[in-house]
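Comments concern the structure below.
The values are calculated or read from the model by the stated rules, or taken from the named source; none is laboratory data. Here the structure is a predicted model, which is why all the values come from computation and not from measurement. Methodologically, a virtual Cβ is constructed for each residue, glycine included, from the backbone with ideal geometry; neighbour enumeration extends over all protein chains shown. For the accessible areas, the whole protein counts, side chains as well, though only heavy atoms, and no ligand, DNA or RNA atoms are used. Shrake-Rupley method; radii C 1.70, N 1.55, O 1.52, S 1.80 Å.
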Amino acid sequence: MPASPSRLFAQITTAEPPGDTTVVMRRAVVLGGSIAGLMAARVLSDHADEVLIVERDPSDVDGGPRPGVPQGSQVHALLPAGQVQLERWFPGIAEEAFALGAPLPPSDEVAARIFINGVEGLPPKPGSSGPGLITTRPFLEALVRRRTLAIDNIRMVYGRAEGIDFAPSRVSRVRYVPEGGGEPVAVGADFVVDAMGRSSRLGDWLDENGWPKPPMRRMPIKLNYATALYRRDEKISDTWVVVYHTMAGPGRTARIGGINSVEDDRWIMLVAGYDTDRPSRDVADFTKRCREQYPEMFGAIAEYGEMLSDVITYHQADSRRREFHQLDRLPAGLVAAGDAVASFNPVYGQGMTSAMLHASCLSAYLRSNPSSVRDQPAHAYFDLVRVVVDAAWQVSTSADIELPHVNGPYPRGYKITKWFGDLVFRASQTDPVLSKRLNRVTTMLDHPSALSRPSVLLRALRVGLSTRPRAAVATGGASNGHGAARS
Ligand SMILES: Cc1cc2nc3c(=O)[nH]c(=O)nc-3n(C[C@H](O)[C@H](O)[C@H](O)COP(=O)(O)OP(=O)(O)OC[C@H]3O[C@@H](n4cnc5c(N)ncnc54)[C@H](O)[C@@H]3O)c2cc1C
């Protein structure tokens, strides 16, 4: 009997160190050297004589944002399941990050505050993965890059990947134009990973070579982000981490906000809306939004904090997934990972963690099929990846489908799932047991099916009957007793 998605998910999210390594190929080529590509390269280094990463963005990488990852200036949270994988593949990396300036939480009781629909919820309990790693995206990526490129058999070249050659039923070569232009270079490859992000052209390359393209599923979210950095200052606010999320509803506009304490004694602060609710790059607009639409610490930081960057905006039109698992024909030796497979509404912070879990899928695939990875299509890999994508997609789209400008696609059994989801969600705002359960699912430590057990339903019903709804916190600068705005 095939293993259930929840069982597979538990295997994929394991913290177990990788087992014995068997080299099954000469050269693996990874296209794209961001989070997904670096993690895939780390896994492949156990199974290939040589791993070559082809990355088109030659920016001098010093821990700052780079053009190849335009979303890199925005708030990026690494979910606990991602931190587990990071530590699994790069032991000691969190300690290294703290030594390099990633801020350590002020106490074991992590000082995260969560506001959902204007109501302050129970703070998440610290996970088993150690203190939460909270950094900017470029800091994290630079750390992972350093650790990856320190591995003897991994090498990175700068150039724009232009295509893959097939011979005839498997990958044979990768072609790229080296940095600075010139003649395309062709390198032989036993195995190729597409980690070129959400705009990957792999589908077109397959199509041009007579292979089917993976069908694409989209949900049009029309998300608008704006982010700025501030000097962290206890006199202005004792804020460590704040998550603010309001779903659309009677008298409510869907809105997201966040504050993270990050390296170099800074706060990174986000405000975001949907559709026509679009923050601009204008500092006055950013400050006004912080002051009028969010809990008081947003306004205090925006108004009194020292701003260290411009306001940087980002628009994401849709969540999208490429359904590689549906393909009945696929060249041998070819896989995809990270956003090249699925890219979600970023407010749920699933992207980097998903990329890390895809690396775990790759490891499981390479270890369980050592004799066939070069000659057989990687359907088994994509079946594993589907488990991760389905889990993340279910969590993110079940809330996004409620947005007024989103008209589906509605999943089967939508009404009952929504009723049940709302019930558990409301109860989790006051009940620590349900709060923890829900938190483990939204942070990708547990599969969503952990919430559909009868015991969860009964508990949610009991909690729902015994508690009255809680009052919303004030927005618009009114103090709620946390932090001290300087006058
Ligand atoms: C506004 C915003 C906020 C986000 N916040 C979070 C968050 O809080 N937490 C989280 O986990 N995720 C977040 N994400 C998602 C996260 O950024 C992505 O999921 C993650 O970067 C995916 O990594 P990747 O390696 O698959 O792709 P990318 O990071 O997009 O990297 C793709 C790489 O491929 C390279 N490349 C592209 N084409 C070629 C080519 N032809 N040849 C060679 N190289 C090529 C690019 O230069 C780049 O380095 C957010 C995304 C957005 C848009």
Quiz prompt | Sparse-neighbourhood loop sites, trypsin sites (Lys or Arg not before Pro) in segment 379-443 - DSSP loop, at most 13 other Cβ within 10 angstrom | solution = R412
Self-check item: For segment 1-113, size of Cβ-based charge dipole, Lys and Arg +1, Asp and Glu -1, in debye
Solution: 440
Self-check item: Integer Hz, Karplus 6.51/-1.76/1.60 couplings in order for segment 452-459, x for Gly and Pro
Solution: 9, 6, x, 4, 5, 4, 4, 5
Quiz item: Going highest first, how would you order 332-341, 179-188, 247-256 by mean Cβ packing within 10 Å?
Solution: 332-341, 247-256, 179-188
Quiz item: Where does the chain land at 222 nm, in deg cm²/dmol rounded to the nearest 500, when only DSSP H runs of n ≥ 4 count, each adding -39500 (n - 2.57), divided by all residues?
Solution: -10000 deg cm²/dmol
Practice problem: Excluding residues on the same chain fewer than 8 positions from K288, give the aspartates and glutamates whose Cα lies under 13 Å from its Cα. | Solution: E296, E303
Quiz item: Long-range amide H contacts for G121: which residues qualify at under 5 Å (H placed 1.01 Å from N, peptide plane, sequence gap of 5 or more or a different chain)?
Solution: I114, F115, I116
Exercise. Please list the non-local residues whose amide H lies under 5 Å from the amide H of T135, H modeled 1.01 Å from N, same-chain partners needing a gap of 5 or more.
Key: L78
Quiz prompt | Those aspartates and glutamates that a straight Cα-Cα span of less than 18 Å connects to K213, excepting residues fewer than 8 apart in one chain | solution = E162, D165, D194, D204, E323, D328, D339, D383
Quiz item: Which whole-Hz couplings ³J(HN,Hα) result when phi for each residue of segment 424-440 is put into the Karplus expression 6.51 cos²θ - 1.76 cosθ + 1.60, θ = phi - 60°, listed in order with x for Gly and Pro?
Solution: 5, 4, 4, 5, 5, 6, 10, 9, x, 5, 6, 4, 5, 4, 5, 4, 5
Exercise. Treating cross-link reach as a plain straight distance, find the lysines whose alpha-carbon is under 26 Å from the alpha-carbon of K436, omitting any fewer than eight places away in the same chain.
Key: K125, K415, K418
Practice problem: May I ask for the distance between the Cα centers of segment 157-213 and segment 276-309, given as a whole number of Å? | Solution: 43
Practice problem: Keeping every protein chain in place, order L465, L434 by accessible area at 1.4 Å, biggest value first, i.e. largest first. | Solution: L465, L434
Self-check item: For peptides 352-358, 274-280, sequence by mean Cβ density within 10 Å, most packed first
Solution: 352-358, 274-280
Quiz item: Based on Cβ point charges of +1 for Lys and Arg and -1 for Asp and Glu, what charge dipole magnitude is obtained for the chain about its Cα centre, in debye rounded to the nearest 20?
Solution: 1580
Self-check item: Förster radius 25 Å - calculated FRET efficiency between N407 and Q326, Cβ distance, rounded to 0.05
Solution: 0.60
Quiz prompt | Mean Cβ count within 10 Å, highest first, over the residues of peptides 52-58, 114-120 | solution = 52-58, 114-120
Quiz item: Given T21, L44, A3, which one lies farthest toward the positive end of the charge dipole of segment 1-57, if we put +1 on the Cβ of every Lys and Arg and -1 on the Cβ of every Asp and Glu?
Solution: A3
Quiz item: Would you list F191, F98 from the most to the least accessible area, probe 1.4 Å?
Solution: F98, F191
